[in-house]
1. Test each condition in (1) under 30 Å from residue 155 (Cβ atoms); (2) in contact with a strand residue (DSSP E or B) (Cβ under 7 Å, 6 or more places away or on another chain); (3) crowded, with 19+ Cβ neighbours inside 10 Å for residue 78 and report the one that comes out false.
2. Determine which member of the set 161, 174, 168 is within 23 Å of residue 11 (Cβ to Cβ), assigned by TED's automatic domain parsing to the domain that holds residue 73 and assigned to a loop (DSSP other than H, G, I, E, B).
3. Before we move on, is residue 104 in contact with a strand residue (DSSP E or B) (Cβ under 7 Å, 6 or more places away or on another chain), surrounded by 18 or more Cβ atoms within 10 Å (Cβ to Cβ), farther than 24 Å from residue 41 by Cα and assigned by TED's automatic domain parsing to the domain that holds residue 216?
4. Report the residue count in the stretch 91-114 for those that are farther than 14 Å from residue 176 by Cα and in a helix (DSSP H, G or I).
5. Going by what's in this entry, would residue 452 be described as outside any helix (DSSP H, G or I) and assigned by TED's automatic domain parsing to the domain that holds residue 59?
6. Looking only at the stretch 249-281, which residues are in a loop (DSSP other than H, G, I, E, B), under 17 Å from residue 327 (Cα atoms) and in contact with a helix residue (DSSP H, G or I) (Cβ under 8 Å, 6 or more places away or on another chain)?
7. Within the stretch 341-362, identify whether any single residue is over 25 Å from the mean Cα position of the chain (by Cα) and at pLDDT 95 or above, and answer yes or no.
């Protein structure tokens with residue numbers, strides 16, 4: 001990771017050029033030093049290189065201690081990402097272990113010039129790169145605003161001790177810039193198209209790319225039906241395309257997350273050619289659903305035949321031309337996918353898309369994978385597509401019934417468990433306790449290095465706007481805004497309550513002072529209404 005220069009180092013270099021303390025035109029070296037510290041990256045590609053090194057260090061820390069897992073939330077705008085990172089800094093005092101997840105689902109659904117569309121690669125390829133760029137612009141501006149405030153303290157320092165303290169605060173400042181894991185869907189085309197798009201995402205700042213083993217032209221959301229996977233050698237070629245993109249751009253530590261949708265995917269589009277027993281094609285073909293060729297079921301014109309187990313059989317083919325797998329083979333295919341992606345595709349992390357949040361299920365698959373690749377690590381989707389309350393309550397009920405702690409009459413079996421009536425019951429409290437420790441458990445027991453929620457800001461925005469609208473357009477009017485938004489912002493210390501400052505109005509004032517001195521016409525004067533929040 002690039003070592004950031006200190007204020008004193010930059011200041012000293014500038015003084016060696018301008019011993020008077022002023023550059024031509026009368027600009028002070030303090031002003032130049034501030035601007036350089038506020039903008040340490042020349043391009044977002046530099047960010048990708050630095051953040052890849054951060055991720056590698058975090059992965060090594062996790063290998064040593066599984067409690068050191070990382071987390072992210074999916075963000076569909078730069079402002080969402082900025083406010084998330086600011087919140088983490090207020091809570092923890094550091095952003096270490098915090099990333100941003102960039103969801104293709106949210107790009108398709110919310111950042112799409114063609115409208116709100118489903119997660120089927122139905123958005124412009126460039127929209128993902130544009131959002132990565134926007135997020136880093138927002139995170140870098142958060143740095144600029146915060147550092148500008150620290151430089152105000154430096155400018156106001158009247159003693160050497162106060163100046164040293166201000167410089168120490170500047171030099172120990174922790175950036176809001178964190179790694180982004182970017183969803184490249186199924187690659188948006190063939191391996192060359194994947195490579196070209198991967199380069200754009202990396203140049204925008206992505207240090208990690210997540211790619212799935214579905215067919216590009218039939219891509220579905222991982223939590224929808226109708227998923228179609230590609231043969232493993234095809235997926236490996238796309239993993240290699242991503243690696244070449246990282247290497248070409250000098251992102252030596254770029255991270256590739258190989259996602260398998262095989263647990264819920266029952267179809268394939270392509271019957272690969274097997275060159276020898278045990279190759280990727282043969283291992284993929286063995287799971288195809290087949291029929292025996294008999295006099296009653298002969299091979300017909302235009303049909304395919306496979307030689308398996310010493311005889312010719314017909315792969316079942318649907319009217320749409322797709323080939324189904326044998327029912328119940330998803331788990332075995334997932335394990336083979338993961339081993340192939342790590343061993344032959346050079347992937348760094350795995351993503352297993354599941355249909356329920358079950359620690360035991362994930363752990364059992366990871367244990368199988370780790371027999372072949374001992375340090376296999378996962379990124380796990382704590383998906384809003386799961387009904388978490390219902391799933392966890394059902395898991396507790398099933399376990400307690402098996403252990404004899406309850407009878408079948410104590411709690412209902414189905415969706416009735418979702419009712420608020422069960423919130424304060426022993427079962428409801430136990431389910432909530434398991435939710436609270438879910439990420440810790442799955443990281444310790446199932447090799448999950450990174451926990452993320454794909455679509456939280458989609459749901460949060462819908463809920464928050466609904467909450468405000470119900471009050472504002474209903475009985476409460478202005479009280480709805482003050483009570484649910486502004487009062488909470490003030491009491492929690494959310495910096496966005498000073499919205500002018502949040503978007504950089506003070507940066508503009510500072511720059512005007514740098515070039516105009518006392519002549520500067522500043523926005524932050526006595527009449528600025530943001531002064532009403534100055535004491536908060």
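1. Only one criterion is unmet by residue 78, namely (2).
2. Numbers: 161 fails: assigned to a loop (DSSP other than H, G, I, E, B); 168 fails: assigned to a loop (DSSP other than H, G, I, E, B).
Step by step, each of 161, 174, 168 is checked, and only 174 is within 23 Å of residue 11 (Cβ to Cβ), assigned by TED's automatic domain parsing to the domain that holds residue 73 and assigned to a loop (DSSP other than H, G, I, E, B).
3. Judged against the criteria, residue 104 is a match.
4. Restricting attention to the stretch 91-114, the residues satisfying the condition of being farther than 14 Å from residue 176 by Cα are 101-114.
After this cut, where a residue has to be in a helix (DSSP H, G or I) as well, the list is 104-110.
The number of residues fulfilling the criteria is 7.
5. Judged against the criteria, residue 452 is a match.
6. Going residue by residue through the stretch 249-281, those that are in a loop (DSSP other than H, G, I, E, B) are 249-254, 261-266, 269-279.
In the following step, the residues that additionally are under 17 Å from residue 327 (Cα atoms) were identified as 261-266, 269.
Result: 262, 263, 264, 265, 266, 269.
7. First pass over the stretch 341-362, keeping only residues over 25 Å from the mean Cα position of the chain (by Cα): none.
There is no residue in the stretch 341-362 that is over 25 Å from the mean Cα position of the chain (by Cα) and at pLDDT 95 or above.
For (1) free of Cβ contacts under 8 Å to residues at least 60 places away in the same chain; (2) in a loop (DSSP other than H, G, I, E, B), each residue gets a yes or a no:
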| site | (1), (2) |
| --- | --- |
| 14 | yes, no |
| 42 | yes, yes |
| 46 | yes, no |
| 52 | no, no |
| 59 | no, no |
| 66 | no, yes |
| 82 | no, no |
| 85 | no, no |
| 89 | no, no |
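The values are calculated or read from the model by the stated rules, or taken from the named source; none is laboratory data. All values reported here derive from a predicted model rather than from experimental measurement. Virtual Cβ from ideal backbone geometry, glycine too; neighbours counted across all protein chains shown.
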